[in-house]
Amino acid sequence: MSILRLIYLGLAIVGTFQPMRHFLVWSADNALTVSNLITAWTTNAAATGLYWDMVITATALTVWILAEVYVRRDYWVALICIPAIFAVGVSCAFPLYLFLRTRPIK
């Protein structure tokens, strides 16, 4: 496995656990409901800006993955990144997608 692929894999792992650690601390202090999440995401202008940044990034990444899977037709494993976008976050799904995308060509 190349150094580049190892870096992508490492970033996907860090991108899973680092943000989730903060989310779990927040959810332990607050009831985990949709209304509480929306309130937290719109607490101030900075949080709202980051929220919209992530929504747009997640949407663009989803469209990119779907487009590449459609064009390549042999790349179905990349679809696992779409649930990762919305269940874990872009910080996990994007490096995971790059890890899968840079696999050796057969």
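The values are calculated or read from the model by the stated rules, or taken from the named source; none is laboratory data. Computed from a predicted model, the values in this text were never measured in an experiment. We place every Cβ from the backbone using ideal geometry, glycine too, and count neighbours over all the protein chains shown.
Is there a residue in the range 3-17 that is in a helix (DSSP H, G or I) and loosely packed, with under 11 Cβ neighbours inside 10 Å? Scanning the range 3-17, I find at least one residue that is in a helix (DSSP H, G or I) and loosely packed, with under 11 Cβ neighbours inside 10 Å, so the answer is yes. Just one of the numbered conditions (1) part of a helix (DSSP H, G or I); (2) free of Cβ contacts under 8 Å to residues at least 24 places away in the same chain; (3) surrounded by 11 or more Cβ atoms within 10 Å (Cβ to Cβ) is not true of ARG21: (3).
What's the total number of residues in the range 76-97 that are touching a residue at least 24 places away in the same chain (Cβ under 8 Å) and of a type outside the set (S, T, N, Q)?
11
Would you check if there is a residue in the range 62-81 being loosely packed, with under 15 Cβ neighbours inside 10 Å, polar (S, T, N, Q), at pLDDT 90 or above and assigned to a helix (DSSP H, G or I)? No, the range 62-81 contains no residue that is loosely packed, with under 15 Cβ neighbours inside 10 Å, polar (S, T, N, Q), at pLDDT 90 or above and assigned to a helix (DSSP H, G or I). If I filter the range 14-34 for residues that are under 12 Å from the mean Cα position of the chain (by Cα) and either aromatic (Phe, Trp, Tyr) or more than 19 Å from LEU96 (Cβ to Cβ) (or both), do I get at least one hit? So far as the range 14-34 goes, yes, one or more of its residues are under 12 Å from the mean Cα position of the chain (by Cα) and either aromatic (Phe, Trp, Tyr) or more than 19 Å from LEU96 (Cβ to Cβ) (or both). Could you check the range 50-78 and list, in sequence order, the residues that are under 22 Å from PRO19 (Cα atoms) and not small (Gly, Ala, Ser)? Answer for the range 50-78, where residues must be under 22 Å from PRO19 (Cα atoms) and not small (Gly, Ala, Ser): LEU50, TYR51, TRP52, ASP53, MET54, VAL55, ILE56, THR57, THR59, LEU61, THR62. Of all residues in the range 82-100, those that are more than 18 Å from LEU9 (Cβ to Cβ) and at pLDDT below 95 total 2.
Listed here are the residues, each with its yes/no results for (1) β-branched (Val, Ile, Thr); (2) surrounded by fewer than 11 Cβ atoms within 10 Å (Cβ to Cβ); (3) over 27 Å from GLY10 (Cα atoms); (4) free of Cβ contacts under 8 Å to residues at least 24 places away in the same chain.
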{"residue": "THR39", "(1), (2), (3), (4)": "yes, no, yes, yes"}
{"residue": "ALA45", "(1), (2), (3), (4)": "no, yes, yes, yes"}
{"residue": "TYR51", "(1), (2), (3), (4)": "no, no, no, yes"}
{"residue": "THR102", "(1), (2), (3), (4)": "yes, no, no, no"}
